[in-house]
Amino acid sequence: MNRLALPAALALALAALLAAACGAGGGGADGRVRVVTTVSPLRSIVERVGGERVRVTGLVPEGTNSHTFEPPPSAVRAIARADLIVVNGLNLERRIIELAEANRREGVEIARLAEGAIDPDEYVYDFTFPREGGDPNPHLWTDPILAIAYAGLARDALTRADPDGATVYAANAEAFAADLRELDAAIRAAVATVPPERRLLLTYHDSFPYFGPRYGFTIIGAIQPSDFSEPSPREVAALVRQIRESGAPAVFGSEVFPSETLETIAREAGAVQVTALRDDDLPGDPGDPENTYLAMMAENARAIVTALGGDAAALDAFPPAPAGG
Ligand SMILES: [Zn+2]
C-alpha cells in the first residue's frame, strides 16, 4: 500500500497549510453551509434537502468509477473547508473517507447515509460484493424508497450542522420524499406491464440489488467480478448459459463501464444489450433540470421496462434524458 502513502502525506501537509490560512469557523463567504459529498446521486439528494442554504461539492466526477476513485490532493481543500461531509459509506468511498477523517475541521461530522438507511442484516452480499469480502453491496440508493431514508439522514445531519435551517430542511426532505413516493408508484406501474417471467435483471456492474427485489425483479447475476476487472472466459461461458436458461431478453450495461465482454455475452446468449443504466452518473450536466437523482432513476426504470418488453408510459411525468445523452 506504499502507493497510497505519498498522496496521504501530501494531503495532510496541505490541510495544515489550509487550516492556518483560512482559520476555523463554518459558513462560506456567501453564508451558505458548505457540504462536501462524493457521488452525484448523493450530491443531488443533499442539494434537494439543503436547498438554498447549502453549497454542495461532489468529489467524485460524474462518469468515473467511484469504487476505485483516487481523490486528487485538491479534494483536501474542499474537505478542510466543509461544514458537513456526507458519504455513502459501506466502503464505496474508502479513500475519500480516509482523507475526510484526516483533514476535516474539528467537530465536522461525516454522515454515512447507507450505514443508517437499513439494518445491517438487510445488507445484500452478491457476486461482485461477496460475503467473504466483508463489504456488502453499497448501492442502496438505487432503491427510491431507501433514497427517502438517505434524505431523512441528510436532513438530520444538516440540522445538526446548521440548526437554524431545521424547518427548511424538514420541509425540503418531506417534499423530496413525496416526489420519491410518486417515482416509486410510477416504477411499480411501469414494471406491472412487464410479463412476470421476463422480470429478470442481469447487469454488468452490480448496482441494482436493492432496486431489483423492491420491484419484483429477479437478479440473475452480474458480469463484473469483485475486483472490477473483466470476467474470465469460464465465467463468461457460465453467464451465457445462465442467460439462455433463464430466458432473459436483455442484459444491461452502463456507459461508465464500457465492456466488450457484455456485448459478447449478449450476442452469444441471444439477448438484447442495453448500455443505458446509471448508478452514479446523472443524466445531463450539472445545472441541467435532468441532472438529478429522480431523473436518473426514472431513466433507469424506463430503460429496463422497455428492454424487457413492457410499457414505460407511467414514467412520462419524470424528465427524460436529453437527446443523445
Ligand atoms: Zn457502482
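Confirm whether T167 is open to solvent by less than 60 Å² (accessible area, probe 1.4 Å), outside the structural domain of R302 (by TED's automatic domain parsing) and away from the ligand (no atom under 16 Å from the Cβ). Judged against the criteria, T167 is not a match. Filtering the stretch 194-209 to residues that are buried (at least 20 other Cβ atoms within 10 Å of the Cβ) and away from the ligand (no atom under 12 Å from the Cβ) leaves V194, L200, L201, L202.
Has the stretch 98-120 got any residue that is without any contact (Cβ under 8 Å) to a residue 60 or more places away in the chain, in contact with a helix residue (DSSP H, G or I) (Cβ under 9 Å, 6 or more places away or on another chain), closer than 21 Å to S229 by Cβ and open to solvent by 20 Å² or more (accessible area, probe 1.4 Å)? No, that holds for no residue. Against the test of being open to solvent by 20 Å² or more (accessible area, probe 1.4 Å), on the phi < 0 side of the Ramachandran plot and within 16 Å of the ligand (Cβ to nearest atom), the options I219, I148 yield a single qualifying residue, I219.
The condition of being in contact with a strand residue (DSSP E or B) (Cβ under 9 Å, 6 or more places away or on another chain) and either of a type in the set (V, I, T) or not assigned by TED's automatic domain parsing to the domain that holds G253 (or both) holds for only one of R94, R43, that being R43.
One line per residue, one yes/no per condition, for (1) in the same structural domain as T142 (by TED's automatic domain parsing); (2) out of contact with any Leu (no Cβ under 9 Å at 6 or more places or on another chain); (3) surrounded by 17 or more Cβ atoms within 10 Å (Cβ to Cβ):
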{"residue": "I243", "(1), (2), (3)": "no, no, yes"}
{"residue": "A248", "(1), (2), (3)": "no, no, yes"}
{"residue": "P258", "(1), (2), (3)": "no, yes, no"}
{"residue": "L262", "(1), (2), (3)": "no, yes, yes"}
{"residue": "G270", "(1), (2), (3)": "no, yes, no"}
{"residue": "D279", "(1), (2), (3)": "no, yes, yes"}
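Which one is farthest from the ligand (Cβ to nearest atom) among residues in the stretch 32-61 that are open to solvent by 60 Å² or more (accessible area, probe 1.4 Å) and assigned to a loop (DSSP other than H, G, I, E, B)? My answer is R32.
The values are calculated or read from the model by the stated rules, or taken from the named source; none is laboratory data. Computed from a predicted model, the values in this text were never measured in an experiment. Methodologically, a virtual Cβ is constructed for each residue, glycine included, from the backbone with ideal geometry; neighbour enumeration extends over all protein chains shown. Please note that ligands, DNA and RNA were not included when accessible areas were found on the heavy atoms of the full protein model with its side chains. Shrake-Rupley method; radii C 1.70, N 1.55, O 1.52, S 1.80 Å.
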